[in-house]
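*Asks:* Attaching a single structure in structure tokens format; questions to follow.
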Amino acid sequence: MQLFDEPIEFTRQPGIGAPVWQGRAVDGDELKDFAAAAHLAGGRLAALWGSDERLSGGGFRLHCVFGLNEGHACLTLELPANDPGYPDLSGLFPAANRMQRATYDMVGIGHDGTDQRPWLRHGGWPADWFPLRHDAGEGGDFSNLPSDYDFVQVGGEGAHEIPVGPIHAGIIEPGHFRFSVVGERVLRFESRLGYQHRGVERRLAGADFSTGAKILGRISGDATCAYAWAYAAAIEAACGVEPSPRALALRAILLERERVANHLGDLGMLGNDAALAFGLSQFFRLKEEWVRVSALLFGHRFMMDRIVPGGVEADLNAAAVKVLSDQCDAIGPAVKELHAIYDEHAGLQDRYLTTGPIDAALARELSLSGMAARATGLLLDGRCYRLDYAPPPPWAALGVRPVTDERGDVAARVAVRFGEITESLRLIRQLATQLPAGAVCAEVKPVPGASGVGIIEGWRGEVLVGVSIGADSRLARVHPHDPSWQLWPALEHAVPRDIVPDFPLINKSFNLSYVGQDL
Amino acid sequence: MIPLLKRILKTGIVTEPVAEGDARREVDRLQDEVLKILGRALTIREVDAGSCNACELEIHALNNPYYNLEGCGIKFVASPRHADMLLVTGPVTKNMENALKIAYDCTPDPKLVVAVGDCGCGCGEVGALFGPNYATCGAVANVIPVDVRIPGCPPTPVALMQGILAAVRYDRAHPAVSPERS
Ligand code: SF4
């Protein structure tokens, strides 16, 4: 199949997952032309990464995934080993900027754009050493040098900078924020991330499938189910395995429970950050009860390591189903009551309304996905029907109703979270009471040389995992992509014009992952 | 305001010592012990030096009404200069190594350091997955002296409370300098 009358021939990735179209660009121009056509059609840049293919006789390879109406188009471009360069895509898709810089830091394949600042590499290893090259060696003995970062400077009378981080005031992940302000008003906000870089992609190279699952469940611990499922889906697509309907329903229950847990926690924090400590106590109580039931039924408070390639390592009997749906019945009215209190609380609404706004045009421009994109009115949800395709099982049969809000501010993100809790409770109840019979885990036999992409709508947004399997039946390259890659720049647009004390509130309304994009 | 007050009344005090399984009893016992052993406030600066964020979620949970850590006078503070204890999750990344050392140096003596999670303790299968490698230093103890370790992936809030308590006990028993801090 061809897309947008471009010459590239796409074939559909086999399997039951979300539609993924695989294609190859012959050169940089063809890639750029396709990107321009995708941009024109309102597509998103979903992910971009590189791989070293020199062991199998090639050079390097660039992987770009575009989110389109037809599904996801996964385009690869072969790059020569001696001169691995490709055209800068950040003019079309601003989201490409940091992904391209990270790709250079990790694999040493470069783009021809102007922003060549390192992203994931701080001072821990030298600029001419690339951790994902197969001949890089262990590289543990570099000296850890302090590193500076070229923040964009704001000039003018009275303008000054407030540096924050990497260690922040609360119990939160590290990152550095640079506010350029006049008085209290923020003129510009720029983040520098990478502090959580743990070298997971390097660790994944050569790992077996089950070690891979362990690591993927810990890319971002608050989204462990989304990552584990996306990874499993990628492996299953590559190896031609179909998880049973029962396994898929159980996965969906786990994923929706994760969504509810995170929304409950964030809604509590969002009350607290606007000085309503009552909200924190109430929602944290509900969240605690929620994760205790997760521990009871699935053996882990965050349900880590339950989703594995082939299916799930969990099952529910009739008694467990009753516990699940009873809890949904109990928590639904409590959340509704709190929703009314939040809505009618003048102090909260004063802080929420018109604070930290982004609009749909910006959300599209920045390739956003997930809850924050839906809070600008975009109808983007991997669990819902799109114009040109039905969502993968088990979603299609459930008729998931996307929750949107056009305002794009903190109030909208709060409203979407409330709406999504209600919808997830409905889904969990329906999934649990109509569990299909059957086995919960199928055997997965590695297919050497195969590759696959898995895409799951996590609670923040689209979690995407690209996998390729080596000739030795182990993982050759795994790239986990967090929606926060695209969302962090949106935060930079949401903060200016508001005042510095609004930042914690705006930040929490997005609650982006640091570690998910730091890898 | 009225619905809000109603909600508070309806919720009641969930921290109440009503027996509700072992977890609840354990929490009550721990809270008594914290008050008895400490008899004063303890301030903690939490430092995420490279965790997957799930350890942080459990540390957050310590302040929910079930565990009510702040009710025992144990408080999380923003600055290491105000802290008696550093609660550190890891593996310590190379990119956080320096910041963690600075936070340690800024914490006034005598200080306690507690490493949290299999990553921070460098133990178990998970500890081995994330370091040491080119990007991480591995366990917290590879970077700063550690007094007490709380393993788990992530450790539960009860385990965290027990660990914090153990650190306090440890401090009482070794008022001078702990052996690991030579
Ligand atoms: S110990 Fe487990 S939960 Fe804690 S940071 Fe490590 S992987 Fe995450």
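The values are calculated or read from the model by the stated rules, or taken from the named source; none is laboratory data. Model, not experiment: these values are computed from the prediction. Every residue, glycine as well, gets a Cβ built from its backbone with ideal geometry; the counts of neighbours run over all protein chains shown.
To keep it simple, each residue is scored yes or no on (1) aliphatic (A, V, I, L, M); (2) out of contact with any Cys (no Cβ under 6 Å at 6 or more places or on another chain); (3) surrounded by fewer than 22 Cβ atoms within 10 Å (Cβ to Cβ).
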residue: A:57; (1), (2), (3): no, yes, yes
residue: A:62; (1), (2), (3): yes, yes, no
residue: A:65; (1), (2), (3): yes, no, no
residue: A:92; (1), (2), (3): yes, yes, yes
residue: A:95; (1), (2), (3): yes, yes, no
residue: A:98; (1), (2), (3): no, yes, no
residue: A:108; (1), (2), (3): no, yes, yes
residue: A:115; (1), (2), (3): no, yes, yes
residue: A:119; (1), (2), (3): no, yes, no
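*Asks:* Give all pairs with beta carbons closer than 7 Å in which a residue from region B:117-141 that is under 22 Å from residue B:163 (Cα atoms) meets a residue that is in a strand (DSSP E or B) and not hydrophobic (A, V, I, L, M, F, W, C); count only pairs at least 6 apart in sequence or on separate chains.
*Replies:* Here the result reads B:117/B:89; B:119/B:89; B:120/B:89; B:121/B:149; B:122/B:138, each pair linking region B:117-141 to a residue that is in a strand (DSSP E or B) and not hydrophobic (A, V, I, L, M, F, W, C).
*Asks:* If we keep just the residues of region B:98-117 that are buried (at least 21 other Cβ atoms within 10 Å of the Cβ) and facing chain A (nearest Cβ under 10 Å), which is farthest from the ligand (Cβ to nearest atom)?
*Replies:* Filtering region B:98-117 for residues that are buried (at least 21 other Cβ atoms within 10 Å of the Cβ) and facing chain A (nearest Cβ under 10 Å), the one farthest from the ligand (Cβ to nearest atom) comes out as B:103.
*Asks:* Please specify each residue of region B:44-63 satisfying the condition of being in contact (Cβ under 8 Å) with a residue 60 or more places away in the chain and more than 12 Å from the ligand (Cβ to nearest atom).
*Replies:* Within region B:44-63, the subset in contact (Cβ under 8 Å) with a residue 60 or more places away in the chain is B:44-45, B:49-52, B:54-55, B:57-59, B:61-62.
B:44, B:45, B:61, B:62 - these are the residues of region B:44-63 that are in contact (Cβ under 8 Å) with a residue 60 or more places away in the chain and more than 12 Å from the ligand (Cβ to nearest atom).
*Asks:* Go through region A:263-315 and give me each residue that's within 13 Å of chain B (Cβ to nearest Cβ), of a type in the set (Asp, Glu) and touching a Pro at 6+ places or on another chain (Cβ under 9 Å).
*Replies:* Of the residues in region A:263-315, the ones within 13 Å of chain B (Cβ to nearest Cβ) are A:264-266, A:268-269, A:271-272, A:276-296, A:299-305.
Subset that is of a type in the set (Asp, Glu): A:266, A:288-289, A:305.
The one that is within 13 Å of chain B (Cβ to nearest Cβ), of a type in the set (Asp, Glu) and touching a Pro at 6+ places or on another chain (Cβ under 9 Å): A:288.
*Asks:* If a residue has to be in a loop (DSSP other than H, G, I, E, B) and of a type outside the set (Ser, Thr, Tyr) to count, how many in region A:386-424 make the cut? It would help to see each step written out before you state the result.
*Replies:* As a first pass, look at region A:386-424 and keep what is in a loop (DSSP other than H, G, I, E, B): A:386-394, A:399-409.
Checking which are of a type outside the set (Ser, Thr, Tyr) leaves us with A:386-388, A:390-394, A:399-403, A:405-409.
Selection size over region A:386-424: 18.
*Asks:* Looking at region A:357-373, can you tell me whether even one residue there is within 14 Å of chain B (Cβ to nearest Cβ) and either part of a loop (DSSP other than H, G, I, E, B) or without any contact (Cβ under 8 Å) to a residue 60 or more places away in the chain (or both)?
*Replies:* Within region A:357-373, the first condition is being within 14 Å of chain B (Cβ to nearest Cβ), and the residues that meet it are none.
Among the residues of region A:357-373, not one is within 14 Å of chain B (Cβ to nearest Cβ) and either part of a loop (DSSP other than H, G, I, E, B) or without any contact (Cβ under 8 Å) to a residue 60 or more places away in the chain (or both), which makes the answer no.
*Asks:* Oh, and also: Filter region A:490-501 down to the residues that are surrounded by fewer than 21 Cβ atoms within 10 Å (Cβ to Cβ) and either of a type in the set (S, T, N, Q) or assigned to a helix (DSSP H, G or I) (or both) and list them by number.
*Replies:* A:492, A:493, A:500, A:501
Residues are listed down the side, and each one gets a yes or a no for (1) at pLDDT below 90; (2) more than 7 Å from chain A (Cβ to nearest Cβ):
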position: B:50; (1), (2): no, no
position: B:59; (1), (2): no, no
position: B:67; (1), (2): yes, yes
position: B:70; (1), (2): yes, yes
position: B:73; (1), (2): yes, yes
position: B:80; (1), (2): no, yes
position: B:86; (1), (2): no, yes
position: B:90; (1), (2): yes, yes
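*Asks:* Could I ask something else about it? Among the residues of region A:232-254, are any within 11 Å of chain B (Cβ to nearest Cβ) and either out of contact with any strand residue (DSSP E or B) (no Cβ under 7 Å at 6 or more places or on another chain) or within 29 Å of residue A:519 (Cα to Cα) (or both)?
*Replies:* no
Yes/no matrix, rows are residues, columns are (1) among the polar types (S, T, N, Q); (2) more than 9 Å from chain B (Cβ to nearest Cβ); (3) exposed (fewer than 13 other Cβ atoms within 10 Å of the Cβ):
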residue: A:143; (1), (2), (3): yes, yes, yes
residue: A:147; (1), (2), (3): yes, no, no
residue: A:165; (1), (2), (3): no, no, no
residue: A:176; (1), (2), (3): no, yes, no
